[in-house]
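Q: Have a look at the structure that comes next, please.
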Amino acid sequence: MPSELSPIDKAKFVAARKATEYVKSGMKVGLGSGSTAAWLVQCLGELVRDEGLRMKGVPTSSRTARLAREVGIEVISLDEAKWLDVSIDGTDEYDGNLNLIKGGGSHLQEKIVATASDRMIVIADVTKKVETLGAFPLPLEVIPFGWQTTKTLIEETLIGMDVLGQTTTLRMNGDAPYISDEGNHILDLHLNRIGNPRQLSLMLNQIPGVVENGLFIDICDIVIVGHGDGRVEVHDINQDQVEKTKFDFLDDGNLFSEDM
Ligand code: 5RP
């Protein structure tokens with residue numbers, strides 16, 4: 001029940017709840033990955049079950065696909081959908097231009113799905129806002145073949161870039177390398193500060209062996225930010241004004257919202 005959640009989970013929950021207002025019957029929706037996106041999937045499942053929302057979901061990870069099916073959302077592939085009305089996903093960082101670092105390890109599918117959508121909405125708790133991207137490690141999905149050579153090429157490329165750190169680590173899952181849904185490895189770049197995210201993204205994607213990086217440049221249209229006290233802000237790249245709402249957690253577990 002929402003009222004028993006930690007402040008950070010309440011923040012994620014209200015952002016996700018607000019995002020459901022952008023999903024209308026008949027829509028095809030990209031479903032992101034991570035804990036905030038999981039709240040979204042649960043909220044959408046509730047609307048499908050209790051309010052007759054008709055929608056189809058394109059998940060961005062095997063984990064999201066499982067959850068979506070569990071909560072009663074019809075799951076289709078991106079190739080079946082071809083194009084989506086909206087995709088809604090979490091993030092690890094967003095800046096004032098709504099550029100993102102998405103570092104959870106599913107960014108390849110997430111970026112393909114977001115790019116194939118009329119608009120991308122990001123849902124985030126307030127801790128994800130940064131002045132400059134880069135404190136969160138930037139993931140690169142790389143193919144396993146020759147990954148150590150790819151790592152060396154990446155490190156050489158970083159020497160010429162406007163970044164503050166250059167350490168690169170192979171993401172692990174216990175004792176073994178982490179394997180993405182596409183069967184690839186993830187290299188995490190510890191850059192601390194990324195001076196020119198657009199340039200860095202282009203440079204990294206040119207390296208053979210790199211499949212995709214976790215920078216989302218000019219892809220996100222709206223960031224919905226949740227706070228632990230139920231406040232929600234909607235930052236739309238095409239609007240000067242920030243829309244503000246507050247959700248109140250009622251004893252019965254339901255939510256009540258009002259414009260601020
Ligand atoms: C998965 C992601 C996630 O959206 C990102 O890591 C945010 O996760 P969370 O909502 O759990 O904080 O990019 O690849």
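The values are calculated or read from the model by the stated rules, or taken from the named source; none is laboratory data. Computed from a predicted structure; not experimentally measured. Cβ: placed from backbone, ideal geometry, glycine included. Neighbour counts: every protein chain shown. Calculation scope for accessible area: heavy atoms of the full protein, side chains included, ligands and nucleic acids excluded. Shrake-Rupley method; radii C 1.70, N 1.55, O 1.52, S 1.80 Å.
Q: Compute, for the chain, the length of the dipole vector about the Cα centre, with Cβ point charges of +1 (Lys, Arg) and -1 (Asp, Glu) only. Units Debye, rounded to 20.
A: Working: 25 positive and 40 negative charges, 80 e Å.
It works out to roughly 380 debye.
Q: Next question, about the same structure. Using the charge dipole of segment 1-158 (Lys, Arg: +1 at Cβ; Asp, Glu: -1 at Cβ; taken about the Cα centre), state which of Gly103, Gly34, Gly57 has its Cα farthest towards the positive end.
A: Among Gly103, Gly34, Gly57, the one farthest towards the positive end of the dipole of segment 1-158 is Gly57.
Q: To the nearest 20 debye, what is the magnitude of the charge dipole of segment 123-260 about its Cα centre, counting +1 on the Cβ of each Lys and Arg and -1 on the Cβ of each Asp and Glu? The partial results should precede the final answer.
A: Working: 9 positive and 23 negative charges, 138 e Å.
Once rounded to the nearest 20, the dipole reads 660 debye.
Q: Just Ile101, Ile159, Ile123 to compare: in a GNM of the chain, with alpha carbon springs under 10 Å, which one fluctuates most?
A: Ile159
Q: Also, I was wondering about something else. Just the Kirkwood number for segment 1-143, please: inverse of mean 1/r across all distinct Cα pairs, in Å, one decimal.
A: With all distinct Cα pairs of segment 1-143 included, I get 15.2 Å.
Q: Straight-line reach from Lys56: which lysines fall under 23 Å, measuring Cα to Cα and dropping same-chain residues less than 8 apart?
A: Correct list for Lys56: Lys12, Lys18, Lys24, Lys28, Lys82, Lys111.
Q: Excluding residues on the same chain fewer than 8 positions from Lys246, give the aspartates and glutamates whose Cα lies under 17 Å from its Cα.
A: Those aspartates and glutamates meeting the cut-off are Asp9, Glu21, Asp125, Asp229, Glu233, Glu258, Asp259.
Q: Using the heavy atoms of the protein chains and a 1.4 angstrom probe, tell me the accessible area per residue for segment 99-191 in square angstrom. Don't skip to the answer; put the middle values down first.
A: Details: 4090 Å² over 93 residues.
Each residue of segment 99-191 exposes 44 Å² on average to a 1.4 Å probe.
Q: At a 1.4 Å probe, what is the % contribution of carbon and sulfur to the accessible area of segment 51-183? Working shown, then result.
A: Details: 3190 of 6370 Å².
Answer for segment 51-183 is 50 percent, counting heavy atoms of protein chains only.
Q: About the Cα centre, and with charges only on the beta carbon of Lys, Arg (+1) and Asp, Glu (-1), how big is the dipole of segment 1-82? Nearest 20 debye, please.
A: Values: 13 positive and 10 negative charges, 39 e Å.
Here segment 1-82 has a charge dipole of around 180 debye.
Q: Just name one of Ile186, Gly160, Thr127: the one whose Cα is farthest towards the positive end of the charge dipole of segment 94-209 (beta-carbon charges, Lys/Arg +1, Asp/Glu -1).
A: Ranked along the dipole, the leading option is Thr127.
Q: Select from Val71, Val113, Val58 the residue whose mean-square fluctuation is largest in a Gaussian network model of the chain (Cα-Cα springs shorter than 10 Å).
A: Val71
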